[in-house]
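The values are calculated or read from the model by the stated rules, or taken from the named source; none is laboratory data. Quick caveat, the model's predicted, so the values are computed rather than measured. Cβ: placed from backbone, ideal geometry, glycine included. Neighbour counts: every protein chain shown. These area figures cover heavy atoms from the full protein model, side chains too; ligands, DNA and RNA do not enter into them. Shrake-Rupley method; radii C 1.70, N 1.55, O 1.52, S 1.80 Å.
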Protein chains: 2
Amino acid sequence: MTIRLADTGDDNVLTPCIHDYQLNCGNCRLNGICLPLALKSDDIEQLDSIIQRSKPLQKNQHLYREDDDFKSVYAVRSGALKAYKTTDDGREQVTGFYFPGEILGMDGISNNLHASSAKALETAAVCEIPFTSLEKLSALMPSLQRHFFQLMSREITEDQQLITLLSKNSADERVASLMLSISTRNSRRKLSATQFRLPMSRVDIGNYLGLTVETVSRVFSRMQKLDILQVDNKEIKILDPPGLQNMANMGG
Amino acid sequence: MTIRLADTGDDNVLTPCIHDYQLNCGNCRLNGICLPLALKSDDIEQLDSIIQRSKPLQKNQHLYREDDDFKSVYAVRSGALKAYKTTDDGREQVTGFYFPGEILGMDGISNNLHASSAKALETAAVCEIPFTSLEKLSALMPSLQRHFFQLMSREITEDQQLITLLSKNSADERVASLMLSISTRNSRRKLSATQFRLPMSRVDIGNYLGLTVETVSRVFSRMQKLDILQVDNKEIKILDPPGLQNMANMGG
DNA sequence: TCTCGTCCTTGATTTACGTCAAGGTAGTAC
DNA sequence: GTACTACCTTGACGTAAATCAAGGACGAGA
């Protein structure tokens, strides 16, 4: 695959390779779900001017680590990342998976230190948004300030969803909910809602959902036997969306 | 107890009854841990001018309910509240307890609807902070904008702590952690770190920690037998703080 | 091609916590 | 005082998921 650069004069610049880091906010196909949402085009240019794009992260490479100085938040442009904390006794708690268009790193604002680590699950490109610049720009652009408040608030409500999931739901329900969540987020990005490749391992899924690998694996087998999901290693095909909904919802 | 009003001319106005709702931010004894933190005194006056104080909530009275229109965030001035969501199958998930100086309601920003309900656990007074006013003021006062970003970020990191607790820790560890959290928050307010009255029921504690009432009760009994805690219904006395720390931390 | 390492699956067994059941205690109303 | 209610505690038992154990599948590298 050849990387197409925006300055080549190629007439393909508006649909560049997803890892192309010369892209700008104005022509990014994610701008409907990322920060620029609801900004006017000249505002987008201003936002664009503070954003830094660097070369893609390789699989397993860290974007930042717990207790690193907090300087920026990040928007995923391609690939996928996980955020995780290491508990006192050395185990890992995955706190979120991040797909293109989603923002991570906001947990670092409170103490000026990253509260979690972020690592690429596969080759991934991100936009770095220096926080002090974002603050200044927010003060000038009410819709940007509003949007960023909303993004943080969304992170809170999503965490609360996960809290509820962990505290009240069975293993089947947890895994079904995650599959639905990934499906929904895929369709927001105009990708298939019924067929996708999981970027994370079974261990990561378990660590996120508060389950062991074995349990996750057994749940997948069960879903396969019930013809709800077709599972081929990391390739997932949802055969029975209502059935999956049902499995996720029925609480108890 | 008589309620002293600020306009009585009484020389006690600077240390009024905790439920006195004529108080302002400038003389509120919580202003070191609430929103005004780090604001200059004339800035505090501006903040003060947008804040609405109303009469105290009675026990079990709602401050807002899930899906209510979002208009304001709230600072607790006295008493305690719980935030909770009702799951699809009608059960309750407590997502947080809020004590004086703490802010709640921020989960409503993302969709302009409150994502959870908030109810007084005992008689409680709150300051209502209309969000649109707060937004406008934030754009003018960088330190206020910063502080509010930090408060939201703190909510995120605290939720992530809870996620980890629910996903990795035993019943003993969860209850011990909650007792330590309450103890810490008490000492931030210059109250006893070792002796306090729980404003919430065992059911609430269970709903928060993902445990049943019976389990919570058994954990308290066990802690009492180990001389870590003295439990007399809702009156808690921490007899062995290092022992409690130990019980909370040892992740096994 | 074979080898090694990582990841995944499946089965047998254990266990922490949930469920069910009964009884105690404290606050409030009468 | 008694009665009612909400809340808490304790015990006996059941179960979902963890743990322990073994083996299979797949990809990377020689």
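Data for the structure
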| quantity | calculated |
| --- | --- |
| Label-point gap, in nm, between A:L191 and A:D88 - each point 7 angstrom along Cα→Cβ | 3.8 |
| Positive-pole candidate from A:L178, A:S167, A:L198, dipole of region A:155-204, charges at beta carbon | A:L198 |
| Rounded D (µm²/s) - region A:169-249, Kirkwood Rh over Cα pairs, Stokes-Einstein at 4 °C, 1.567 mPa s | 104 |
| Ascending list, in nanometres, of distances separating the B:T123 label from those of the other copies (7 Å, Cα toward Cβ) | 6.7 |
| Accessible-area order (highest first, 1.4 angstrom probe) of the listed residues B:S187, A:S72 | B:S187, A:S72 |
| Residue-level accessible surface for B:E122, protein heavy atoms, 1.4 Å, Å² | 70 |
| Candidate lysines for bridging to B:K225, where Cα separation is under 20 Å - those fewer than 8 sequence places away on the same chain excluded | B:K234, B:K237 |
| Probe 1.4 Å, all protein chains present, accessible-area order of B:I205, A:I33, largest first | A:I33, B:I205 |
| Calculated FRET efficiency for the pair B:D232/A:K234, C-beta based, R₀ 51 Å, to 0.05 | 0.40 |
| Per-copy distances of the B:R222 label point, shortest first, in nm (7 angstrom along Cα→Cβ) | 2.6 |
| Heavy-atom accessible area per residue - chain B, 1.4 Å, Å² | 45 |
| Area accessible to solvent at B:R91, 1.4 Å probe radius, in Å² | 90 |
| Label-point separation, B:N111 to A:N112 (7 Å along Cα→Cβ), nm | 3.6 |
| Nearest-first distances (nm) between copies at B:H62, label 7 Å from Cα via Cβ | 4.5 |
| Gap separating the Cα centres of region B:205-247 and region A:203-241, nearest whole Å | 37 |
| Centre separation in Å (Cα based) which lies between region A:78-115 and region B:131-192 | 17 |
| Highest-MSF residue in chain B out of B:P100, B:P241, B:P56 [GNM, Cα springs under 10 Å] | B:P241 |
| Peptide-level mean, for B:146-153, of C-beta atoms on other protein chains within 10 Å | 6 |
| Gyration tensor verdict on the protein assembly as shown (Cα atoms; rounded if a/c is under 1.5, prolate if a/b is larger than b/c, oblate otherwise) | oblate |
| Estimated FRET transfer efficiency (B:V203, A:K59; beta-carbon r; R0 45 Å; 0.05) | 0.50 |
| Fraction of accessible area attributable to carbon and sulfur, region A:169-249 (%, probe 1.4 Å) | 48 |
| Peptide B:162-173 - average C-beta neighbours from other chains (10 Å radius) | 6 |
| Solvent-accessible area of A:H114 with every protein chain in place, 1.4 Å probe, in Å² to the nearest 10 | 0 |
| Reachable lysines from B:K85, criterion Cα separation under 19 angstrom, eight or more residues apart if same chain | A:K168, B:K59, B:K71, B:K119 |
| Histogram of C-alpha separations across chain A, 10 Å bin width, % | 7, 28, 34, 22, 8, 0 |
| Protein accessible surface hidden between B and A, which excludes ligands and nucleic acids, total in Å², probe 1.4 Å | 4200 |
| Distance between modelled label sites at A:D68 and B:Q46, nm, 7 Å Cα→Cβ extension | 3.5 |
| Residues of region B:133-170 with amide N under 14 Å of a point placed 7 Å along Cα→Cβ from A:K136 | B:142 |
| Number of partner chain Cβ atoms within 10 Å, mean per residue of A:107-117 | 4 |
